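Asks: Please see the structure below; I have some questions.
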Amino acid sequence: MSVRAISLIGGLLLLLLLIGWMSFAGNIIKRDLTNKYPPPEKMVDVGDYRLHINCQGGANESTPTVVMEAAEFSLSWPSVQPEVAKFTRVYTYDRAGLGWSGMSTGIRNLSNPCIFCHCTKKRNSF
């Protein structure tokens, strides 16, 4: 084997070791942060993971329920959600793998928010 081949194999092994270490360290850091900063609202089981949900406002049969989807997580709506909650029920949530929500094994598509609404309405009486 040439020196170049040995160097390439060594570099690839080092890269794999670094990726594995980063994954391991990332999981430990996320666990420690979750313990230090627990979710401010409810955690709901929606099948293959737990979803962090923030619900504000009262139940009113004559007004629709509003679900706000943020680009990142539920804390993106701190000034909007309380204002909407003055006249109807409003939900914000952390997408799978972001904020306090767990990782989903499923594929994210447009039907996921509908599944979210169905699961939360069925399993919780907010």
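Asks: Quick one: Cα convex hull volume of segment 1-54, Å³ per residue?
Replies: Here the figure is 97 Å³ per residue.
Asks: Return the sequence-ordered ³J(HN,Hα) values of segment 14-24 in whole Hz as given by the Karplus equation 6.51 cos²θ - 1.76 cosθ + 1.60 applied to θ = phi - 60°, using x for Gly and Pro.
Replies: Once θ is set to phi - 60°, the couplings for segment 14-24 become 5, 4, 4, 4, 5, 5, x, 5, 5, 5, 4 Hz.
Asks: A follow-up question, please. Please order SER101, SER76, SER2, SER23 by the number of other Cβ within 10 Å, starting at the fewest.
Replies: Fewest-to-most Cβ neighbours within 10 Å comes out as SER2, SER23, SER76, SER101.
Every number in this text was worked out from the coordinates using simple rules, so none of it is lab data. All of these numbers come straight from a predicted model, not from anything done at the bench. Cβ atoms come from the backbone with ideal geometry, glycine included; neighbour counts cover every protein chain shown.
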